[in-house]
1. In Å and from the alpha-carbon atoms only, list the Rg and Dmax of the range 70-116.
2. Using a Förster radius of 25 Å, what is the FRET efficiency between Ser36 and Asp144 based on their Cβ-Cβ separation? Nearest 0.05, please.
3. Taking the Cα centre of each part, how many Å lie between the range 2-65 and the range 194-265?
4. Report the label-to-label distance for Lys225 and Asp161 in nanometres (one decimal), using points 7 Å from each Cα along the Cα→Cβ vector.
5. How much of Tyr35 can a 1.4 Å solvent probe reach, expressed as accessible area in Å² and rounded to 10?
6. Mind giving me the FRET efficiency for Val347 and Val19? R0 is 30 Å, r the Cβ-Cβ distance, nearest 0.05 is fine.
7. Report, in deg cm²/dmol and to the nearest 500, the calculated mean residue ellipticity at 222 nm for the chain, where each DSSP H run with n ≥ 4 adds -39500 (n - 2.57) and the sum is divided by the residue count.
8. Lone cysteines in the chain, defined as no other cysteine's Cβ under 4.7 Å from theirs: which are they?
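The values are calculated or read from the model by the stated rules, or taken from the named source; none is laboratory data. Keep in mind the model is a prediction, meaning the values are calculated, not measured. Glycine also receives a Cβ, built like all others from the backbone with ideal geometry; neighbour counts cover every protein chain displayed. Surface areas here come from the heavy atoms of the whole protein model, side chains and all, with no ligands, DNA or RNA. Shrake-Rupley method; radii C 1.70, N 1.55, O 1.52, S 1.80 Å.
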Amino acid sequence: MQKKGNKYGTHRVIEPKGVLTQAAYKIDNNMDEIYSNEILCNVTALNIDSASFTQIEEACGGDETKIGEMIMGIVAERGKQQNPVTGSGGMFMGTVAKIGDDLKGKIDLQEGDKVVSLVSLSLTPLKINKIKAIHKDIDRVDVDAQAILFESGIYAKMPDDMSEPLALAALDVAGAPAQARKLPKEGDNVLILGANGKSGVLCGYEAMKKVGPKGKVVGVVRNPKQVPGLIELGVYTDVIVADCTKPVEVMEAALAITGGQEYDISICCVNIENCEMAAILPVRDDGLVYFFSMATSFTKAALGAEGIGKDVTMIVGNGYTKDHANITLNVLRENEKIRKLFEEKYV
Ligand SMILES: NC(=O)c1ccc[n+]([C@@H]2O[C@H](COP(=O)([O-])OP(=O)(O)OC[C@H]3O[C@@H](n4cnc5c(N)ncnc54)[C@H](OP(=O)(O)O)[C@@H]3O)[C@@H](O)[C@H]2O)c1
């Protein structure tokens with residue numbers, strides 16, 4: 001008879017005791033016996049969170065063998081793929097291998113179903129047997145591995161109207177477009193930092209629908225070559241070129257578009273550190289700043305906003321918001337151009 005575990009997975013925490021699996025340094029990744037309220041998955045690919053992959057790639061000087069060794073090392077030591085520097089994880093794609101006795105018939109999954117995890121790898125028990133390929137340009141690692149979803153864990157069934165890598169790429173950033181739909185109001189001006197990235201493009205698309213013809217959705221990129229493509233894609237009203245680690249540069253370029261009017265909302269989708277103030281500075285008092293970036297520092301954002309006397313509401317980029325998986329996949333279903341871009345860039 002299978003043992004029953006804790007709904008949130010605390011039965012797998014090895015050290016320190018008393019914390020949840022995300023905060024734990026080390027969790028139990030034994031896959032031989034599962035608990036009655038766990039789901040065992042055979043994993044075919046990991047989508048490493050962009051901030052984490054960027055850090056690992058830099059630390060390894062871009063060398064694929066070293067990147068693979070570092071990922072294997074982290075998982076062997078911690079029982080999960082949680083980057084020790086960024087603290088972030090990513091998600092996995094795989095097939096349901098075994099459903100614990102207590103969950104059988106109570107969830108919409110059958111053994112053999114293809115799934116994508118929507119909880120972070122930073123809290124997911126993972127055992128990698130082999131790294132098969134590293135796709136540096138899209139942060140994806142093909143593996144032969146096993147992972148556990150806890151009872152509270154969220155997942156999406158692999159859709160049958162798109163390829164698996166395409167769905168994985170989009171669902172990686174599922175929280176962002178759903179928030180970009182929820183937060184703006186009609187007529188708002190929205191600023192999106194990291195506008196050419198995966199989450200930036202999806203946010204731009206959703207924000208454009210929401211603000212309507214009276215609002216502006218302005219993308220910030222650091223590379224001028226990206227501007228024409230983004231304008232052609234139709235997900236921004238304007239695209240400006242500025243370095244998001246330079247807040248004054250971003251503010252001046254952003255306010256030039258609105259005739260000096262500060263923004264109602266900014267969404268930070270960059271994948272590097274030190275972009276907090278570029279997201280805060282152009283926003284009006286009582287405006288909103290949504291930090292989707294995992295490279296965001298709470299301290300820098302909080303003290304920075306205080307330091308410039310900005311009364312803005314700052315939202316931590318919770319990767320989950322209601323219906324986020326559907327909203328994200330629907331962008332690809334609704335918009336041929338974005339789907340084509342994702343297929344070319346991330347698959
Ligand atoms: N909150 C969550 O649950 C969650 C979930 C998944 C991911 N994330 C995080 O969200 C962030 C974005 O992810 P993503 O997959 O969309 O990343 P991405 O596709 O790699 O895009 C990041 C973008 O940031 C741009 N950028 C980097 N440095 C910049 C600078 N100094 N100035 C202007 N732009 C700059 C990059 O520009 P270039 O094209 O020039 O390189 C790139 O287009 C990451 O930090 C990731 O870790 C959060």
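1. 14.4, 40
2. 0.45
3. 35 Å
4. The answer from the label model is 3.5 nm.
5. Tyr35 has an accessible surface of roughly 40 Å² with all protein chains in place.
6. Taking R0 as 30 Å, the efficiency between Val347 and Val19 is 0.25.
7. For the chain, the value works out to -9500 deg cm²/dmol.
8. Flagged as lacking a Cys partner: Cys41, Cys60, Cys203, Cys268, Cys269.
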